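The values are calculated or read from the model by the stated rules, or taken from the named source; none is laboratory data. Everything numeric in this text was worked out from a predicted model, so none of it was measured. Glycine also receives a Cβ, built like all others from the backbone with ideal geometry; neighbour counts cover every protein chain displayed. When the accessible area is computed, the model is the full protein with side chains, heavy atoms only, and any ligands, DNA or RNA have been set aside. Shrake-Rupley method; radii C 1.70, N 1.55, O 1.52, S 1.80 Å.
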Amino acid sequence: MRIGLVLGAGGSVGVAYHGAVLAALEAATGWDPRSAEVLVGTSAGSISAAMVRAGVPAADLVRISEGGALSEEGAHLAELGRPHRPRPQLGDLLRTHPLADPAGVLHGFTHPCAHPTAALVAALLPAGGIPTDAISAGVNAVFAGTWPSGALWICTVDLRSGERVVFGQPGAPPALVGSAVAASSAIPAYFRPVVIGGRRYVDGGIHSMVNLDLVAGLGLDLVIVSSPMSQASARPALDAVIRQPLRARLHAEVAALRRSGVPVFAIEPSRRVTVAMGLNPMDARRRVRVSRATTAAVHKWLAGGSEGRQLAAMLTRAVASEAGPPDPGPVFLRLPSA
């Protein structure tokens, strides 16, 4: 079974969320996320996607968030290098900064129909003062200047053109994996834009928090989306003003992909998980509680939710078909409605 894995934006708590989601999936079904045909990462999701492609076991992603001892395999990779959370200095926050990209502002005003509004706003904002070297250095050390053989697509936005650029895709500009991940994580007005090939790149979440459309037309049998910034429930909540529009955008992208015949399962935070996340996605102090709440929520969803049970069945069958005798016949599953 050819499986696509799409990891969305979400800040520091998003990294903890992704790790818990992937570890819970593997624990419940035996499916190893490292076997995914294609990995798409945006912002926090780019960090998690890079670690998975580097070979970090899903269980170690949880241990990293919760401060546990890594497996032998994970510890070896950690010795080579891993992304670290940038620690802002007071001077980085207080110093005034110029526009993020004056050339992007000019292009946006002279090409209003072609330049996305969100990208123009990002170019108009002051350039963030916090460097992303802590992210890129560890990732670059692990990959040693090469891209992995398995598809790893890192979503960014080019401030000059306003267009989405997906590093790792055929035809994309050349870049080190760590530089691409840092660019995808560069929240406008917070982190410095990352310069690659003379162009300034920022967070791919400006285009889409998940960028699910990238996996359309690949002939995949199943797509799994981990979306920290949306929410599973449509009920109003304190942070619904942010999460509800992102939920609507995600569900529109899911519906579009399902119409092409691809089974898609989006895993979104339950109310208990969003409470654990709090209102600041960059608050790394919440990683442990987010990880534990997410683990419990995903296991509950896989065992009791209608879509969760379907996903668990498909992943279990995928693992069995790879490890066991030939499949005796097809099993038809009713796909969840959009």
Residue 251: passes all of (1) open to solvent by 10 Å² or more (accessible area, probe 1.4 Å); (2) without any contact (Cβ under 8 Å) to a residue 60 or more places away in the chain; (3) not β-branched (Val, Ile, Thr) but (2)
Give just the number: which of (1) at pLDDT 95 or above; (2) surrounded by 19 or more Cβ atoms within 10 Å (Cβ to Cβ) does residue 174 not satisfy? (2)
Just name the residue that is modelled with the highest pLDDT out of those in segment 75-96 that are of a type outside the set (D, E, K, R) and open to solvent by 60 Å² or more (accessible area, probe 1.4 Å). 76
Based on this model, can you work out whether residue 206 counts as open to solvent by 10 Å² or more (accessible area, probe 1.4 Å) and either at pLDDT 90 or above or within 20 Å of the chain's Cα centre (by Cα) (or both)? yes
Considering only segment 23-45, state which residues are touching a strand residue (DSSP E or B) at 6+ places or on another chain (Cβ under 7 Å) and farther than 19 Å from residue 66 by Cα. 33, 36, 37, 38, 39, 40, 41, 42, 43
Count, please, the residues in segment 1-36 that happen to be part of a helix (DSSP H, G or I) and modelled with pLDDT of 95 or more. 20
Listed residues 143, 167; which is modelled with pLDDT of 95 or more and within 20 Å of the chain's Cα centre (by Cα)? 167
Which condition number does residue 107 fail, the rest of (1) under 24 Å from residue 199 (Cα atoms); (2) surrounded by fewer than 19 Cβ atoms within 10 Å (Cβ to Cβ); (3) at pLDDT 95 or above; (4) not β-branched (Val, Ile, Thr) being met? (2)
Does residue 290 satisfy the criteria of being open to solvent by less than 60 Å² (accessible area, probe 1.4 Å) and of a type in the set (Val, Ile, Thr)? yes
Which pairs do you get when a residue that is free of Cβ contacts under 8 Å to residues at least 60 places away in the same chain, found in segment 111-134, comes within reach of a residue that is charged (D, E, K, R), reach meaning Cβ atoms under 6 angstrom, with the pair 6+ apart or on two chains? 123/101
Give me the pairs: first residue in segment 269-280 and loosely packed, with under 15 Cβ neighbours inside 10 Å, second residue not in a helix (DSSP H, G or I), beta-carbon distance under 6 Å, and six or more apart or on different chains, which are they? 271/233; 279/239
Filtering segment 209-240 down to residues that are in contact (Cβ under 8 Å) with a residue 24 or more places away in the chain, in a loop (DSSP other than H, G, I, E, B) and surrounded by fewer than 19 Cβ atoms within 10 Å (Cβ to Cβ) yields 216, 217, 218, 219, 221, 233, 235, 237, 238, 239
Inside segment 115-127, the number of residues satisfying the requirement of being in contact with a Ser or Thr (Cβ under 9 Å, 6 or more places away or on another chain) and open to solvent by 70 Å² or more (accessible area, probe 1.4 Å) is 0
Residues satisfying the stated conditions in segment 12-56, i.e. closer than 18 Å to residue 139 by Cβ, open to solvent by 20 Å² or more (accessible area, probe 1.4 Å) and touching a helix residue (DSSP H, G or I) at 6+ places or on another chain (Cβ under 7 Å): 15, 34, 47, 51, 54
Listed residues 248, 256, 276; which is in contact with a helix residue (DSSP H, G or I) (Cβ under 8 Å, 6 or more places away or on another chain), of a type in the set (A, V, I, L, M) and within 24 Å of residue 187 (Cα to Cα)? 276
Could you figure out which of (1) of a type in the set (Val, Ile, Thr); (2) within 28 Å of residue 243 (Cα to Cα); (3) modelled with pLDDT of 95 or more isn't true of residue 275? (3)
